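Engineer: For reference, the structure I am asking about is given below.
Read-outs: derived from the displayed coordinates by stated rules, not from any lab. This one's a predicted model, so the numbers in the text were calculated from it and none came from an experiment. So basically every Cβ, Gly included, is an ideal-geometry build from the backbone, and we count neighbours across all protein chains shown.
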Amino acid sequence: MQFTFVTLFPQLILPYFQASILKRAVDAGLITTASFNPRDYSSDKHGKVDRYQAGGGAGQVMSVQPLDTLLSEIMQKDKDAYIIFPIPAAKPFKQIDAKRLSKKKHIVFVSGRYEGIDERIIEKYAHEVFSTGDFILTGGELPSLSMCDAISRNIDGVLGNAESLDVESFEDALLEAPTFTKPNIFDKSSIIKEYLKGNHGKIHALKRELSLKKTKYFRPDLYETLDIKHLEEKK
């Protein structure tokens, strides 16, 4: 899959793909990355990419011309390019979106700065808009990377053990059960004994139970949506 990042700060993006799982994915040709800076497409002699808000208001807004020129060029070169804007005023990005989007051929993330992006650019080019949380950041680069990471690990071959995807948080709308490693005793606290007995059927059932309890405690909003009977049948 191709990931393209439209950002005023490509130096924040590219190092993320130089280590760990995503580096291996790049080296294996499973994903490719590119970045484009709107400043390079500005018709302003100083490379200006922002303007005062129409109607007044604090802060500048990323203006139409540089983004329109750049995104138009991207779309002309690749009709399959799927453009995503990470913005606060959008639906939340979820694991189900990461899995769905992992089937795309080319995703373009457009990272805003300042007080955001001229709404007309979003309306013209966005295939989807997402929020990664109820908080405000200084730019869209971190949400873009977060979504890219979540999508990438659902691409076939990116994870060394694809089975790990089946037991992660948000599968079946559940949070993941607690995990442990050696030593068996740490700071007077021990690993749950059932984990050490080797009965994988009982361990699986226990993890499902703990997932339900964890979800009910930390994410009651998710727990209320669960089909408990269906989950019990999957034990």
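Engineer: Taking every Cα atom in the range 113-157, find the radius of gyration and the maximum pairwise distance Dmax, and write them in Å.
Structural biologist: 12.7, 38
Engineer: Could you calculate the contour length gain from Val26 to Leu210, that is, 0.36 nm times the residue separation minus the distance between their Cα atoms, to one decimal place in nm?
Structural biologist: 62.7 nm
Engineer: Could you give the semi-axes, largest first, of the ellipsoid that matches the range 1-112, computed as the square roots of 5 times the alpha carbon gyration tensor eigenvalues and rounded to whole Å?
Structural biologist: Sorted largest first and rounded, they come to 27, 17, 14 Å.
Engineer: Now a separate question. Let's test the formula: R0 of 41 Å, r as the Cβ-Cβ distance of Met75 and Leu226. What FRET efficiency results, to the nearest 0.05?
Structural biologist: That gives a FRET efficiency of 0.50.
Engineer: Okay, next question. Just need the relative contact order of the chain here, percent rounded to a whole number, with Cα pairs under 8 Å and 6+ apart.
Structural biologist: 19
Engineer: May I ask for the Kirkwood hydrodynamic radius of the chain, worked out over all distinct Cα pairs and given in angstroms to one decimal?
Structural biologist: Averaging 1/r across every pair of different Cα atoms and inverting gives 20.4 Å.
Engineer: Would you list Lys99, Lys202, Lys77 from fewest to most Cβ contacts within 10 Å?
Structural biologist: Lys77, Lys202, Lys99
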